[in-house]
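Novice: My structure is below; once you've seen it, I'll send some questions.
The values are calculated or read from the model by the stated rules, or taken from the named source; none is laboratory data. Everything numeric in this text was worked out from a predicted model, so none of it was measured. Here the Cβ positions follow ideal geometry from the backbone for every residue, glycine too, while neighbour counts run over all protein chains shown. Each accessible area value is taken on the protein alone, full model and side chains, heavy atoms only, with ligands, DNA and RNA left out. Shrake-Rupley method; radii C 1.70, N 1.55, O 1.52, S 1.80 Å.
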Amino acid sequence: PPRYPLFWSADGSLSFLADRGSFEGDLAAAGLAVTRLEPIAELTGGWFARSRAGLRKTLARLEASAGSRSPRAARLERLLAEVENALANIDEERLVPFFGEATMADQ
């Protein structure tokens, strides 16, 4: 299981992650068939790494100009913590991002 907090859930109570088998089963129950499912952890990790760099740069500028902790800086620090946690989850394979396509099962 992933470590929280993550963007969609602070403690896991609002998280509905599934492994591949149960995800495909849920789609099949809804009348869909997976036609393509490919992992995109490297791509997603790169996006999060760039986001982390941008957040760090913005926080450094805020701290240099304000000289004190602003509410905006505090919000950005919480976001940075979530980004870093997401990266750790991806690196540890607790989260496996993927891209998928599905069609109606009867087609």
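Novice: Counting only residues that are under 19 Å from residue 38 (Cα atoms) and at pLDDT 95 or above, which one in region 88-102 is least open to solvent (accessible area, probe 1.4 Å)?
Specialist: 89
Novice: Continuing with this model, one more query. Residue 76: part of a helix (DSSP H, G or I) and surrounded by 15 or more Cβ atoms within 10 Å (Cβ to Cβ), yes or no?
Specialist: Values: part of a helix (DSSP H, G or I): yes; surrounded by 15 or more Cβ atoms within 10 Å (Cβ to Cβ): yes.
Here the answer is yes, as residue 76 does meet what is asked.
Novice: So which residues in region 13-23 are under 16 Å from residue 97 (Cβ atoms) and not aliphatic (A, V, I, L, M), if there are any at all?
Specialist: 15, 16, 19, 20, 23
Novice: So, one more: Answer with yes or no whether residue 16 is modelled with pLDDT under 95 and outside any helix (DSSP H, G or I).
Specialist: yes
Novice: Quick test for you: out of 12, 45, pick the one residue that is closer than 23 Å to residue 81 by Cβ and free of Cβ contacts under 8 Å to residues at least 40 places away in the same chain.
Specialist: Criteria check complete, one pass: 12.
Novice: Consider residue 37 carefully, then state whether it is in contact (Cβ under 8 Å) with a residue 40 or more places away in the chain, open to solvent by 80 Å² or more (accessible area, probe 1.4 Å) and not in a helix (DSSP H, G or I).
Specialist: no
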